[in-house]
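Q: To start, I am sharing the structure in question, which I have written as structure tokens.
Values in this text are rule-based calculations from the coordinates and carry no lab data. Note that the structure is a prediction, hence the values are computed from the model and not measured. All Cβ positions, even for glycine, are placed from backbone atoms using ideal geometry, and neighbour counts span all protein chains on display.
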Amino acid sequence: MIKSMQEIIDYTKNMGKKKVAVAVAQDEDVLQSIHEAYNLGLIDVSLIGDKEKIFQIADKLNFDVSKYDIVKEIDPIKAARIAVDMVSSRRADVLMKGMIKTADLLKVVLDKDIGLRTGRVLSHVGVVEVEHYHKLLFITDGGMNINPDLKQKADIIQNAVDIANSLGIEKPKVAVLASVEVVNAAMQCTLDAAALSKMADRGQIKNCIIDGPLAMDNAINLAAAEHKGIKSEVAGDADILLVPDIESGNILLKSLVFLGKGKPCGVIAGSKAPIVVTSRADDYMAKLYSIALASIACNNQSKGVNV
């Protein structure tokens, strides 16, 4: 089981290169992360975008990008379509966002003709290595689904479970977060938590253990759970934290990174191939880890698993 960002990099080195198609590639941090991943032997790459700007950035960073496949397309939407089509037609394994708005990229991803849609909801799976937690924490969904309903939450969990499985976590423990640990009819997230737990028991959500509602403290701290008298396979040992809505997920992940000095990465899952869409505030290392995570997630494709 992979427990750190360095282990994600090391695992990727040993599994064979994946090809990354970068949509609108003229972005400094993106090119730096791609350059590092290429030099580590993790990936091959196609850069789609403004070729002159790509070379200008490369010169500034003292990178040689002439060895990369570069497709010149100045129009961002057309560049996105080329990148998505490469992944859809299996000429590339991973899609990565460059200097394009996430909403514009996702419109192309969901295009009926060339897109990467499946029958499952797309969701963001954030992964963070925190110094004082004993393994990686998966947080979902703090990036895409604003206020998911029960059905969407089931898909969001399954997406995160599939990513966790690809990292060798065979049966991840999922904590459905709320502010309380009991079901309260006035709090929809606690009702959803109880339903999701039962859905896992009945095999409707596969390859995981789900418990909830659980507050954040007893999801990740066994002493807190014991103090409150909570008996649970998940309490104090959660792998995946399902948040109630996008605001809480965004706040939680960024708090762990900027206050807890955590190392983050993440992908969009639920599509035919993993999509690297990182925050503009993320440094190139977060993007590098995300590329590696997406490359590992590609292995699930051969098993018929949507990632």
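Q: Tell me, what is the percent relative contact order of the range 123-258, built from C-alpha pairs under 8 Å that lie six or more residues apart?
A: Details: 270 pairs, mean separation 45.1, N = 136.
In percent, rounded to a whole number, it is 33.
Q: Oh, and also: On a full-extension model of 0.36 nm per residue, what is the gain between Val183 and Lys171, subtracting their alpha-carbon distance, rounded to one decimal in nm? Please report the intermediate quantities before stating the final value.
A: On the way: separation 12, 0.36 × 12 = 4.32 nm, distance 2.46 nm.
Gain on extension, Val183 to Lys171, equals 1.9 nm.
Q: What FRET efficiency, computed as 1/(1 + (r/R0)^6) with R0 = 51 Å and r the Cβ-Cβ distance, is obtained for Ala194 and Glu52, rounded to the nearest 0.05? Working shown, then result.
A: Numbers: r = 57 Å, r/R0 = 1.11.
Once the sixth-power term is evaluated, E becomes 0.35.
Q: If r is the Cβ-Cβ distance from His132 to Lys231 and R0 is 25 Å, what FRET efficiency results, to the nearest 0.05?
A: On the way: r = 24 Å, r/R0 = 0.96.
My answer for the efficiency is 0.55.
Q: Quote the FRET efficiency, to the nearest 0.05, computed for Leu40 versus Lys67 with a Förster distance R0 of 22 Å and r equal to the Cβ-Cβ distance.
A: Working: r = 14 Å, r/R0 = 0.66.
Computed FRET efficiency for Leu40 and Lys67: 0.95.
Q: Now, a different point. Give the lysines whose C-alpha is closer than 24 Å to that of Lys261, dropping any in the same chain fewer than 8 places away, or say none.
A: Of all the lysines, those that pass the test against Lys261 - Cα under 24 Å, at least 8 places apart if same chain - are Lys3, Lys135, Lys173, Lys287.
Q: For Lys72, give me every one of the lysines with a C-alpha distance below 22 angstrom, ignoring sequence neighbours fewer than eight places off in its own chain.
A: Lys18, Lys19, Lys51, Lys53, Lys60, Lys97, Lys101, Lys107
Q: Mind ranking 152-159, 113-120 by how tightly packed they are, going by the mean number of other C-beta atoms within 10 angstrom, highest first? Kindly include the intermediate steps, with their values, before the conclusion.
A: Values: 152-159: 23.9, 113-120: 14.5.
The packing order, highest mean first, is 152-159, 113-120.
Q: Still on this structure: So for the pair Asp104, Lys17, with labels modelled 7 Å out along Cα→Cβ, what separation do we get in nm?
A: 3.0
Q: While we're here: Based on other C-beta atoms within 10 Å, arrange His134, His35, His124 from fewest to most.
A: Values: His134 10, His35 20, His124 27.
Going from least to most buried by this count: His134, His35, His124.
Q: Provide, for q = 0.08, 0.09, 0.14 Å⁻¹, the log10 of I(q)/I(0) from a solvent-free Debye sum over equal Cα point scatterers in the chain.
A: One equal scatterer on each Cα of the chain leads to -0.34, -0.43, -0.99.
Q: Continuing with this model, one more query. Take every Cα pair under 8 Å in the chain that's 6+ residues apart, average their separations, divide by the length, and report that relative contact order as a whole percent.
A: On the way: 661 pairs, mean separation 67.1, N = 307.
Contact order relative to length: 22 percent.
Q: How far is it, in nm, from the label point at Lys206 to the one at Lys261 when both lie 7 Å from their Cα along the line to the Cβ?
A: About 4.2 nm separates the two model spin labels.
Q: Quick one: order Leu105, Leu252, Leu95 by neighbouring beta-carbon count within 10 Å, fewest to most.
A: Values: Leu105 25, Leu252 19, Leu95 29.
Ascending Cβ contact count within 10 Å gives the list Leu252, Leu105, Leu95.
Q: What ranking of Met86, Met285 emerges when the number of other C-beta atoms within 10 Å of each C-beta is taken as an exposure proxy, fewest first? Intermediate results must be reported in sequence, preceding the final value.
A: Details: Met86 22, Met285 16.
With the sparsest Cβ surroundings first, the list reads Met285, Met86.
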